[in-house]
Amino acid sequence: MNLNSRERVMRSLNKEIPDRIPMDLGTTNCTTLTKKAYENLKKFLGIEKETRFMMENFQVVFVDEEVLQILNIDTRGIHPRPIFQKEIIDDNSYRNEFGITFRMPQEGLYYDMVHHPLAGKSIEELKEYSWPKPEKSMDLKGLRETAKKLHDKGEFCLVGDMIDTGIFEPCWYLRGFENYLMDLVIDPDFATTLLEGMYHYQLQRYSLFLQEVGEYLDVIFVGDDLATAENVIMNPQTYRNLIKPYHKEYFKNLKKLAPKAKLLYHSCGSILNFIPDLIEIGVDILNP
């Protein structure tokens, strides 16, 4: 059996036996490396190139083509160029376009969130919140041509990641983790109002991206954490009543914009209890 990289990945995704296990690196913000790890890898491989951030807060990076070639990676990521909108507070802190404040701890590998702009706010104040402009979060220039060229060549499996794709997780970035989990139980109106706003914002962003490249993608990616290392972070019925309907609509709309692509979903932690729900609403591939 003599397969190219794309054939190898697609056979695996279609539950057929490939010639070897396919390899992925760097196609999504959840399947790449942190800055320190990547710079160590480049040094080991003798590659001297500037490190480019995919997400600055998590310090995760784009992987260069030279590295992908050396490691025989079977996938290629299709990403917009992120536009980091931030207000520098000091050498270790900044505020992003949502009003979230991040701070790098001493000897830290990534930034911690230290201020959540919707913490303590009422639903009336939430309704007055000024959402960022989706089109200002990324640069799509030339992306369609790049995706088409790779698609037409047919050598690699193309994975589309808009970068920062969740709709549930960013809600607690804005509200605070404990606050938002409590909202789901004691103030579901607030929780769903915020979730609906985030759904519309992220769908607008992903629509802009997929209108450019959706027809060329083999896989599209969504990352939205629902679990810790021990268990899911909420009662499964809470997920099914409040969050799952928005995930369902989100996934459905993304698949309309990339009709040939399979949906790859990432959640950290032990997500076993939610796997049947995710399958039901259109997830094809799980990155646990």
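The values are calculated or read from the model by the stated rules, or taken from the named source; none is laboratory data. In this text, all values refer to a predicted model and were calculated from it rather than measured experimentally. Here the Cβ positions follow ideal geometry from the backbone for every residue, glycine too, while neighbour counts run over all protein chains shown.
Of note:
- Annotation note: Cβ proximity below 7 Å between a residue of region 1-22 that is in contact (Cβ under 8 Å) with a residue 40 or more places away in the chain and a residue that is polar (S, T, N, Q) (sequence gap 6+ or interchain) occurs for V9/T75; P22/S12.
- Any hit, region 238-260, residues being at pLDDT 95 or above, touching a Gly at 6+ places or on another chain (Cβ under 9 Å) and among the polar types (S, T, N, Q): no
- Taken over region 171-201, the criterion of being among the polar types (S, T, N, Q) and touching a residue at least 60 places away in the same chain (Cβ under 8 Å) is satisfied by N179, T193.
- Any hit, region 271-285, residues being at pLDDT 95 or above, closer than 16 Å to T28 by Cβ and not aliphatic (A, V, I, L, M): yes
- Scanning region 17-56 for residues that are outside any helix (DSSP H, G or I), more than 19 Å from the chain's Cα centre (by Cα) and of a type in the set (D, E, K, R) turns up D19, R20, E48, K49, E50.
- Residues satisfying the stated conditions in region 57-86, i.e. surrounded by fewer than 17 Cβ atoms within 10 Å (Cβ to Cβ) and either part of a loop (DSSP other than H, G, I, E, B) or in contact with a Ser or Thr (Cβ under 9 Å, 6 or more places away or on another chain) (or both): L71, N72, I83, F84, Q85
- Enumeration of residues in region 87-112 that are under 27 Å from I220 (Cβ atoms), of a type in the set (D, E) and not in a loop (DSSP other than H, G, I, E, B): none
- The listed residues are Y265, Y216, and the only one of them that is of a type outside the set (D, E), closer than 25 Å to T146 by Cα and within 16 Å of the chain's Cα centre (by Cα) turns out to be Y265.
- Some residue of region 230-237 being within 21 Å of M162 (Cβ to Cβ) and either in contact (Cβ under 8 Å) with a residue 40 or more places away in the chain or within 19 Å of the chain's Cα centre (by Cα) (or both): no
- For N14: the one exception among (1) of a type outside the set (K, R); (2) more than 22 Å from the chain's Cα centre (by Cα); (3) over 20 Å from L264 (Cβ atoms): (3)
- Qualifying residue in region 275-286 (condition: touching a Phe, Trp or Tyr at 6+ places or on another chain (Cβ under 7 Å) and under 19 Å from Y173 (Cα atoms)): no
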